[in-house]
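Scroll down for the structure; my scribbles are underneath it.
What follows draws every value from the coordinates through simple rules; no lab data is involved. All figures in this text were calculated on a predicted structure; none of them were measured in a lab. In this analysis, Cβ positions are derived from the backbone assuming ideal geometry, glycine residues included, and neighbour counts consider all displayed protein chains.
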Amino acid sequence: MTDSRFAVYLIPPYQLSKEVAEVHHLLRKQFGFAAADRFQVHCTMKGFFKKNERDVKKLQEELDGFFIGQRILELSVEELRIDPIGFGLSLETLNGKPNTPFLNLREEIVNIVKPYIAEDCDFKAHDLGHPFHPHITFSFRDIPNELFDDVFKWMEDGPDFNGPFQADTYHFLEFFSDDWSGSWWNSISWRLLKSWRLES
């Protein structure tokens, strides 16, 4: 067993990913905020988890079977998500109401993954102990709260991210860090294990 973590992500369409990636790059370049830029552009479906002794290939097979039966969902960027450690684009609502099909999809993915989560998983309490708020991160962990207003003002000249898009691509990934018990985001790296593209 390796000291790695796993996750399932939704991958936004090309143009949205490109525009968010540009923000990641410029936040690193202009402000020194680098944590989000170390990840692919994504919305977390099942966040980091430490795996138990079960075979990761078996989990991948279960996810294969699950995604084969899924349909493409419509998502929408309608507001920002802001919390004490960062900010990004909220995907929680569609036409101003909770996007229930997407929230339910997340719960189904979590239920598939749960039997594979180690008892001593360091992310379990946070990821499964709080209400799920789907989002695409701009910056987190390394942005001081007192700089939020300055960054928001600077971003006013950037793209308008509001609007709908199709959720058709999902990734299963393995992550590595030198410091899972500390500032893991400073040494994070990853590899893609499997990608699913849903049929229209």
### Potential extension, Arg38-Lys18 segment - 0.36 nm per residue separation minus Cα distance
5.7 nm
### Task
Would you list, by chain and number, the aspartates and glutamates whose Cα falls below 20 Å from the Cα of Lys18, excluding same-chain residues fewer than 8 positions away?
Asp37, Glu74, Glu78, Glu79, Glu156, Asp157, Asp160, Asp168
### Summary
Once Ile68 and Glu108 are pulled to full extension, the length gained, defined as 0.36 nm per residue separation minus their Cα-Cα distance, is 13.0 nm
### Virtual paramagnetic centre 7 Å along Cα→Cβ of Glu199, amide N under 16 Å, in segment 131-172
168-169
### Query
More than 21 Å apart: what percent of Cα pairs in segment 5-197 qualify?
52 percent
### Query
Among the lysines, which fall within straight-line cross-link reach of Lys114, defined as a Cα-Cα distance under 29 Å, with same-chain neighbours fewer than 8 residues apart omitted?
Lys46, Lys50, Lys51, Lys57, Lys58, Lys97, Lys124, Lys194
